[in-house]
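Down below is the structure, laid out as structure tokens.
The values are calculated or read from the model by the stated rules, or taken from the named source; none is laboratory data. Since the model is a prediction, treat every value here as computed from it, not as a measurement. Here the Cβ positions follow ideal geometry from the backbone for every residue, glycine too, while neighbour counts run over all protein chains shown. Ligands, DNA and RNA are stripped out before the accessible areas are found, and what is left, the full protein with its side chains, is counted by its heavy atoms. Shrake-Rupley method; radii C 1.70, N 1.55, O 1.52, S 1.80 Å.
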Amino acid sequence: MSALLELENVSRHYAVSGGLLGLRHGLVRAVDGVSLTVDAGASLGLVGESGCGKSTLARCILGLEQLEGGAIRFQGRDITDWPQTELRRQMQMVFQDPYSSLNPRMSVGAIVAEPLTIHGLGTAAERKAKTLALLRTVGLDTDMARRYPHQLSGGQRQRVAVARALALSPALVVCDEPVSALDVSIQAQVLLLLQDLRTRLGLTYLFISHDLAVVGQICDRIAVMYLGRVVELGPAETLINDPRHPYTRVLLSAVPVPDPGHKRNRENLTGELPSPLNPPSGCPFHPRCPQVMDICRHEFPQAFSTGEARLAHCWLHKPA
Ligand code: ADP
Ligand code: MG
């Protein structure tokens, strides 16, 4: 496998003003020095609490944000060197809320065909045939083409959003919380669909969720984010069965275990997620970390190896 997407030390900060008359200025470190790779055909999960920078990172990858630092390469080429229309074609996005991401005035057929129309692909008849084929691919009846978003269930709407994302045969599909707005039973169906599409069509996913259980179902590697930083990275199975970063353990202890005989020490988070506006010094997790050491307050650790293909940014794993 070769790297389809490479992120090197990517940062995106926002200058914000607040307080009385907006005079108090600060810097939100939404994404702060993130390095990651996604291989062609792989599925990388990006997980972390709300506000940790997942969507900002997705927008950076799609070329929608100006970086403060670092570089993003797609198919070996810096994304700023890609023609925008070509990058739009190669990377597609599925959003959390299919209701607001689908135009209510357009029929399902027109929504799915829109990327083909915009990019001027095929004749009208070819676009229609392709649209119907896409609806079948995502498990929808072709009669759906004449309906409108408000006539569909949440799960059906998300299938339409997936069909639209696949219309241009993208090399990368970025899914940002694609099942978070759905009922649990529907979540499972949409996850199965995404999994099935990945194997059938050889898709590559960057799959974003605040829910580690969801990410564990669909991804082969997982990156755990905390306050703009990746703190742990590794194969999904070993990362979930044997988390090495104290923050990953805390995230996991919030996931329900189906086996009632299974005992797990619950590690509860103390304190709120600190603001990425002026984040804590050193390791940003240190104020909430049950294993905090003095060095953690002063210096963010580099990535230390914690096993095969595994990394943790945590001083506990500094080689002796
Ligand atoms: P997530 O997707 O993990 O919930 P986001 O990437 O949406 O997190 O946000 C990360 C942080 O950046 C949050 O604190 C958010 O308030 C802040 N942020 C995101 N976009 C902007 C913006 N345009 N201006 C200022 N702050 C922003
Ligand atoms: Mg988000």
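Laid out as a table, the results:
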read-out	value
Counted residues, the range 284-320 - those being free of Cβ contacts under 8 Å to residues at least 24 places away in the same chain and open to solvent by 80 Å² or more (accessible area, probe 1.4 Å)	9
Selection within the range 147-169 - without any contact (Cβ under 8 Å) to a residue 60 or more places away in the chain and over 15 Å from Arg127 (Cα atoms)	Arg147, Tyr148, Pro149, His150, Gln151, Leu152, Ser153, Gly154, Gly155, Gln156, Arg157, Arg159
Cβ-Cβ under 8 Å pairs, at least 6 apart or on other chains, the range 55-73 side among the acidic types (Asp, Glu) and away from ligand 2 (no atom under 13 Å from the Cβ), far side modelled with pLDDT of 95 or more and not in a strand (DSSP E or B)	Glu65/Thr56; Glu65/Arg59
Conditions (1) in contact (Cβ under 8 Å) with a residue 40 or more places away in the chain; (2) open to solvent by less than 40 Å² (accessible area, probe 1.4 Å); (3) within 16 Å of ligand 1 (Cβ to nearest atom); number of the one not met by Asp97	(2)
Cβ pairs under 8 Å, 6+ apart, first in the range 212-228 and surrounded by 22 or more Cβ atoms within 10 Å (Cβ to Cβ), second of a type in the set (Asp, Glu) and outside any strand (DSSP E or B)	Tyr226/Glu49
Count of residues meeting criterion [in a loop (DSSP other than H, G, I, E, B) and among the charged types (D, E, K, R)] in the range 92-134	2
Test: residue in the range 16-28 that is of a type in the set (A, V, I, L, M, F, W, C), away from ligand 2 (no atom under 16 Å from the Cβ), assigned to a helix (DSSP H, G or I) and surrounded by fewer than 23 Cβ atoms within 10 Å (Cβ to Cβ)	yes
Residue, nearest to Ala236 (Cα to Cα), within the range 201-218, restricted to residues that are in a loop (DSSP other than H, G, I, E, B) and away from ligand 1 (no atom under 16 Å from the Cβ)	Thr204
Single residue of the range 32-91 satisfying the filter (of a type in the set (A, V, I, L, M, F, W, C), part of a helix (DSSP H, G or I) and more than 16 Å from the chain's Cα centre (by Cα)) that is surrounded by the most Cβ atoms within 10 Å (Cβ to Cβ)	Ile79
Test: residue in the range 261-280 that is at pLDDT 95 or above and touching a Cys at 6+ places or on another chain (Cβ under 9 Å)	no
Only listed residue being open to solvent by 50 Å² or more (accessible area, probe 1.4 Å) and among the β-branched types (Val, Ile, Thr), chosen from Val173, Val184, Val179	Val184
